[in-house]
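S.K.: Mind having a look at this structure? Questions to follow.
The values are calculated or read from the model by the stated rules, or taken from the named source; none is laboratory data. Predicted, not measured: the structure shown is a model, and the values here were computed from it. A quick note on method: Cβ atoms are made from the backbone with ideal geometry, for glycine too, and the neighbour counts reach across all protein chains shown.
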Amino acid sequence: MNKRLVVTYFNNEKDLLHATSFAKKNKYEIQDVFTPYAVHGLDDAMGLKTSKLGIVCFVLGITGAIAKLWYQIWTSATDWPINVGGKPLNSFPAFIPVTFEVTVLFAGIGTTIYFLLSDSRRWKKKIRPNYKTVTDSEFALVIVPNNAVYDFSETKNRFKQFNYLRMEEIIEKVNNEKD
């Protein structure tokens, strides 16, 4: 089975943004976009959802901090109370450095595990544009045509309004058969 991809190259970010929005509205599957620098508004044009990674990191960090504070207070004041030098048993300022370290540990390890277990687009095989100028001075939009009766010349005409530099069709062989 073959998979058709269309790679369109642009000279500036404005044309890329408009072409990406157009492709999304016309139900083209946007496989990827390559840019030489971060383009504001590109994630909205591609229809990408906001990442939950920040929320997951925050929740795991707070969980680690609360768990470590509880454990330190429980061990020093309840389970094994030792009065050292007349200091209070639940000395909160003494717990802050270790609590901070455990917060960072929980957030870092938990976020990494969440990222690895999530359905990330990074794990899918992607097409790489052939030209060395992409991500150096040009922008590239990789789309998958949306219908079975696809016509490359029709796609070229539809995207002509966005002032593309060149457009190429790549036919990628996909092997889904089990050996």
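S.K.: Is it fair to say Glu101 is among the acidic types (Asp, Glu), in the same structural domain as Asn11 (by TED's automatic domain parsing) and either surrounded by fewer than 16 Cβ atoms within 10 Å (Cβ to Cβ) or at pLDDT 95 or above (or both)? I'd like the intermediate steps shown before the answer.
M.R.: On the way: among the acidic types (Asp, Glu): yes; in the same structural domain as Asn11 (by TED's automatic domain parsing): no; either surrounded by fewer than 16 Cβ atoms within 10 Å (Cβ to Cβ) or at pLDDT 95 or above (or both): yes.
So Glu101 fails the test.
S.K.: Would you check which residues across the stretch 1-55 are out of contact with any Pro (no Cβ under 9 Å at 6 or more places or on another chain), assigned to a loop (DSSP other than H, G, I, E, B) and closer than 20 Å to Arg158 by Cβ and list them?
M.R.: Passing the criteria: Asn11, Asn12, Asn26, Lys27, Gly47.
S.K.: Moving to a separate point now. What single numbered condition from (1) under 32 Å from the mean Cα position of the chain (by Cα); (2) exposed (fewer than 13 other Cβ atoms within 10 Å of the Cβ); (3) not aromatic (Phe, Trp, Tyr); (4) not assigned by TED's automatic domain parsing to the domain that holds Ile143 fails to hold for Gly41?
M.R.: Going through (1) under 32 Å from the mean Cα position of the chain (by Cα); (2) exposed (fewer than 13 other Cβ atoms within 10 Å of the Cβ); (3) not aromatic (Phe, Trp, Tyr); (4) not assigned by TED's automatic domain parsing to the domain that holds Ile143 one by one, Gly41 breaks only (4).
S.K.: Could I ask something else about it? Tell me, which residue of the stretch 51-87 that is exposed (fewer than 12 other Cβ atoms within 10 Å of the Cβ) and basic (Lys, Arg) is farthest from Gly110 (Cα to Cα)?
M.R.: Lys87
S.K.: Then there's this: Inspect all residues belonging to the stretch 146-157 and state whether any of them is in contact with an Asp or Glu (Cβ under 6 Å, 6 or more places away or on another chain), modelled with pLDDT of 85 or more, assigned by TED's automatic domain parsing to the domain that holds Ser21 and surrounded by fewer than 16 Cβ atoms within 10 Å (Cβ to Cβ).
M.R.: Here is the first cut: in the stretch 146-157, the residues in contact with an Asp or Glu (Cβ under 6 Å, 6 or more places away or on another chain) are 152.
Within this subset, residues satisfying the condition of being modelled with pLDDT of 85 or more are none.
There is no residue in the stretch 146-157 that is in contact with an Asp or Glu (Cβ under 6 Å, 6 or more places away or on another chain), modelled with pLDDT of 85 or more, assigned by TED's automatic domain parsing to the domain that holds Ser21 and surrounded by fewer than 16 Cβ atoms within 10 Å (Cβ to Cβ).
S.K.: Between Ala94, Ala77, Ala65, which is in contact with a helix residue (DSSP H, G or I) (Cβ under 7 Å, 6 or more places away or on another chain), assigned by TED's automatic domain parsing to the domain that holds Ile109 and assigned to a helix (DSSP H, G or I)?
M.R.: Working: Ala94 fails: in contact with a helix residue (DSSP H, G or I) (Cβ under 7 Å, 6 or more places away or on another chain); Ala77 fails: in contact with a helix residue (DSSP H, G or I) (Cβ under 7 Å, 6 or more places away or on another chain).
Answer to the selection: Ala65.
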